[in-house]
Amino acid sequence: MEVESLAGKWVWIWNWRRCDDGDANRVAERLRSAGCRGAIVKAFDGGRWFAQGPSFRDICRALKSHGLAVGGWGYLYGRDAAGEAKLAIETAQYGEADLLVLDVETEFKGHPEAAEEVCQRVREALGPSYPLYYSTFAIARYHRSFPYEAFERHLTSGGSVGGTAPQVYWNAFRWPHERALAWTYEDYAALGVPPERMFPVAGLYGEGLTPYPAADEVRDFVRRAAEAGSRGVSFWSYEHMSEAMWDAVASAAMNADEADPDGRDPDGRGEEEMSSTEYEELTRELAAVGSRLDRLETDVRGLRGEAPAPAPGPATYTVQAGDTLSGIAQKLGLGGWQALYDANRATIGSNPNVIKPGQVLVLP
């Protein structure tokens, strides 16, 4: 099977043996029943192979025999760039993965040189036509020290096949899914990443204080991603997903044809209201009008001799009763409480375990 991108719906697999007991037939049947194009299976962790029972290649071949595409993924730490790149390359070549996703997070903050070395080694070995992706923080404004530019330049630019899979875990953020997704597209646009190179990931899990998302939110997440211009989405993760989450994925459509084989509006409205093509055209026209209005407002200020509108201040968070720094960092996807404390030491004081409702924290 020739796979050019993460188009369509995909599900991440972390621990193979916790996914229907590692039964490839049952895994494949569940994925196909949910309308998924394939699975993204963990192959390595840092500089070592990830123990899944059967080898990654055996899992890959078993799922492919059912007509599914298979991507490989690994978590990278950046401490052994050469070793991690070697396993990534072997996952694609020896492991027969259709595509590769590099899970790169906190460890790469402030280390663009590690990103440069990993990306350059992998892309040079696999060539520009092999689909390569990186998956990391969704809300880039909160992770300014992450080397997005290095991953973009080596993995997705210059005609190379690839993109990014931002982790839009709105249930963990405690945000509305609409806001989390909108900010993700806004922040990546500021980095120069177009929507067609974005393949957002939804967190379909519930653990601790993090609840499962609502099924309607999952379906709307997929719809909004498609309308924004993304060609595919994925879901974390197989072993965490409840039956309600599987049903939500099965009923979520990346395009109108998936939503209803009879071509009816998935909301049940009649054809006379608005076709999907008309809706997309209207959305583009409204966006263009908004852009023109922004430029006109700027021109009017100039003619009046007024100062430009002030730049927005830093993002902040107001402490609520029961909050902790680690809890705030987790739900906002900040990657750790230490940076949050360092940015607000003057407000919090010497004890990071004591924060008070009403305190306004600057987000790093």
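The values are calculated or read from the model by the stated rules, or taken from the named source; none is laboratory data. Note that the structure is a prediction, hence the values are computed from the model and not measured. Here Cβ is always computed from backbone atoms with ideal geometry, including for glycine, and neighbour counts include all displayed protein chains. Each accessible area value is taken on the protein alone, full model and side chains, heavy atoms only, with ligands, DNA and RNA left out. Shrake-Rupley method; radii C 1.70, N 1.55, O 1.52, S 1.80 Å.
Residue count for region 161-213, restricted to those that are small (Gly, Ala, Ser) and in a helix (DSSP H, G or I): 5. Restricting attention to region 110-133, the residues that are over 13 Å from residue 76 (Cβ atoms), open to solvent by less than 60 Å² (accessible area, probe 1.4 Å) and not in a helix (DSSP H, G or I) total 4. Inspect region 205-222 for any residue being within 14 Å of residue 10 (Cβ to Cβ) and either open to solvent by 10 Å² or more (accessible area, probe 1.4 Å) or touching a Lys or Arg at 6+ places or on another chain (Cβ under 9 Å) (or both) and give the result as yes or no. Scanning region 205-222, I find at least one residue that is within 14 Å of residue 10 (Cβ to Cβ) and either open to solvent by 10 Å² or more (accessible area, probe 1.4 Å) or touching a Lys or Arg at 6+ places or on another chain (Cβ under 9 Å) (or both), so the answer is yes.
If the condition is being within 20 Å of residue 195 (Cα to Cα) and either modelled with pLDDT of 95 or more or open to solvent by 20 Å² or more (accessible area, probe 1.4 Å) (or both), then region 1-10 contributes 4, 7, 8, 9, 10. Restricting attention to region 1-41, the residues that are charged (D, E, K, R) and under 16 Å from the mean Cα position of the chain (by Cα) add up to 1.
With respect to the conditions (1) part of a strand (DSSP E or B); (2) open to solvent by 20 Å² or more (accessible area, probe 1.4 Å), residue 101 falls short on a single one, namely (2). The selection criterion, being touching a residue at least 12 places away in the same chain (Cβ under 8 Å) and open to solvent by 20 Å² or more (accessible area, probe 1.4 Å), does not hold for residue 243. When region 329-348 is filtered for residues that are among the hydrophobic types (A, V, I, L, M, F, W, C) and open to solvent by 70 Å² or more (accessible area, probe 1.4 Å), the ones remaining, listed by number, are 337, 346. Among the residues of region 162-174, those that are in contact with a Ser or Thr (Cβ under 8 Å, 6 or more places away or on another chain) and either over 22 Å from residue 340 (Cα atoms) or surrounded by fewer than 19 Cβ atoms within 10 Å (Cβ to Cβ) (or both) comprise 162, 163, 164, 165.
I'd like to know if region 139-161 contains one or more residues that are modelled with pLDDT of 95 or more, buried (at least 24 other Cβ atoms within 10 Å of the Cβ) and under 12 Å from the mean Cα position of the chain (by Cα). Within region 139-161 (the criterion being modelled with pLDDT of 95 or more, buried (at least 24 other Cβ atoms within 10 Å of the Cβ) and under 12 Å from the mean Cα position of the chain (by Cα)), the answer is no, since none of the residues qualifies. Using the structure shown, decide if residue 92 is out of contact with any Cys (no Cβ under 8 Å at 6 or more places or on another chain), surrounded by 19 or more Cβ atoms within 10 Å (Cβ to Cβ), outside any loop (DSSP other than H, G, I, E, B) and at pLDDT 95 or above. Criteria met by residue 92.
Does region 87-102 include one or more residues that are without any contact (Cβ under 8 Å) to a residue 24 or more places away in the chain and farther than 24 Å from residue 137 by Cβ? Among the residues of region 87-102, at least one is without any contact (Cβ under 8 Å) to a residue 24 or more places away in the chain and farther than 24 Å from residue 137 by Cβ, which makes the answer yes.
Could you go through region 175-182 and let me know if any residue there is farther than 29 Å from residue 252 by Cα and open to solvent by 10 Å² or more (accessible area, probe 1.4 Å). The answer is no; no qualifying residue exists. Among the candidates 78, 53, 67, the residue that is more than 30 Å from residue 110 (Cα to Cα), in a loop (DSSP other than H, G, I, E, B) and open to solvent by less than 50 Å² (accessible area, probe 1.4 Å) is uniquely 67. Taking first residues from region 349-364 that are open to solvent by less than 30 Å² (accessible area, probe 1.4 Å) and partners that are modelled with pLDDT of 85 or more and of a type in the set (Gly, Ala, Ser), the Cβ contacts under 8 Å between residues at least 6 apart in sequence or on separate chains come to 361/343; 363/343.
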